[in-house]
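The values are calculated or read from the model by the stated rules, or taken from the named source; none is laboratory data. Remember, it's a predicted structure, so these values are computed and weren't measured experimentally. Every residue, glycine among them, receives a Cβ derived from its backbone with ideal geometry; neighbour counts consider all protein chains shown. These accessible areas exclude ligands, DNA and RNA; they are computed on the full protein's heavy atoms, side chains included. Shrake-Rupley method; radii C 1.70, N 1.55, O 1.52, S 1.80 Å.
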Amino acid sequence: MNEDALLFPAGIEISGLTGAVAPFTGQYEKRLSELREIYADKSAFDDALKTQNDPLVYRVVEYRPPNSDIFFGTTTMSPGHVGGEFYMTRGHFHARRDMGEIYYTQSGSGILLLESRDGQSRTVEMKPGICAFIPPDWAHRSINIGDEPLVFVWACNPEAGHDYAEILKRGMRKRIMKDGDAIRIIDNAAYL
Ligand code: PAN
Ligand code: ZN
């Protein structure tokens, strides 16, 4: 493909309730069995897997124009919790430390948990009407704290990439817990 080829405008249909993107260029799903490392309570996790049929935790659908400096898509997260910890994404830094992102929530409610390279922790509320700015070099993980799907549109440079290893290895400083009807943000005892 000629890198200088003219790109043409497009209107992409996005459902704020289901996260469907039409047309889309790629998608993937994460089921609970693929996410054992991120939860604190491994025995609750193993019990959940035994008693449930490997539930869908989240789906990512993207629209990626070729040779563009921007792409976007949706993440749709199921409601749920494991050992009192709400369903969450893996969380990552971008491979490109100079590239941020936005998350624009369409439906549901969540918490965007962010952590700078030097270990500062922040949260941004996720609810319809809030577009979160994720600065370059802040790790980010989204957490569904409601009892409906959490759907958000994300957009960034396709060269941003993902660095999952860092968060997988050391975790994030905070965990988002369900405490009856309340939500608690606690220190992650296993943080390295
Ligand atoms: C998002 C995330 C998506 C899934 O598209 O990749 O919500 O989260 P994990 O990648 O952490 O599993 C994004 O931030 N892209 O850069
Ligand atoms: Zn990202």
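Can you work out the Karplus-derived ³J(HN,Hα) for every residue in the stretch 13-19? Use 6.51 cos²θ - 1.76 cosθ + 1.60 with θ = phi - 60°, whole Hz, and x for glycine or proline.
In residue order, the calculated couplings are 8, 10, 8, x, 9, 10, x Hz.
Could you work out the helix-only [θ] at 222 nm for the chain, with each DSSP H run of four or more residues adding -39,500 (n - 2.57) and the total divided by the number of residues, to the nearest 500 deg cm²/dmol?
Estimated from H runs of four or more residues: -2000 deg cm²/dmol.
Helix 42-51 versus the longest principal axis of the chain: what angle, 0 to 90°, nearest 10, using Cα atoms?
80
Using unit Cβ charges (K, R positive; D, E negative) and no other charged atoms, how large, in debye to the nearest 20, is the dipole of the chain about its Cα centre?
Rounded to the nearest 20 debye, it is 440 debye.
Under 13 Å from the Cα of Lys30, which aspartates and glutamates turn up, not counting those fewer than eight places away in the same chain?
Answer for Lys30, where 13 Å is the Cα cut-off: Asp54, listed by chain and number.
Which loop chymotrypsin sites (Phe, Trp or Tyr not before Pro) in the stretch 127-192, with loop taken from DSSP, have no more than 15 other Cβ atoms within 10 angstrom of their Cβ?
Tyr164, Tyr191
Give, to the nearest whole percent, the P(r) tail of the stretch 29-102 beyond 14 angstrom, counting all Cα pairs.
Within the stretch 29-102, distances greater than 14 Å cover 67 percent of Cα pairs.
Return the Cα extents of the chain along principal axes one, two and three, sorted largest first, each rounded to a whole Å.
Sorted from largest, the Cα extents of the chain read 53, 35, 30 Å.
Equivalent ellipsoid semi-axes for the stretch 112-174, as square roots of 5 times the alpha carbon gyration tensor eigenvalues: give them largest first, rounded to whole Å.
20, 15, 12
Keeping every protein chain present and rolling a 1.4 Å probe, give me the accessible area per residue for the stretch 1-153 in Å².
Accessible surface, normalised per residue, equals 50 Å².
Pick out, from Leu17, Pro149, Leu6, the residue whose Cα sits farthest towards the positive end of the charge dipole of the chain, with +1 on the Cβ of Lys and Arg and -1 on the Cβ of Asp and Glu.
Pro149
Quick check: at a probe of 1.4 Å, how many percent of the accessible area of the chain sits on carbon and sulfur atoms?
So the carbon and sulfur contribution to the accessible surface is 52 percent.
Counting only the heavy atoms of the protein chains, how much of Thr25 is accessible to a 1.4 Å probe, in Å² to the nearest 10?
80
If you average the alpha carbon positions of the stretch 1-66 and of the stretch 74-150, how far apart do those two centres end up, in angstrom?
Measuring centre to centre over Cα atoms gives 14 Å.
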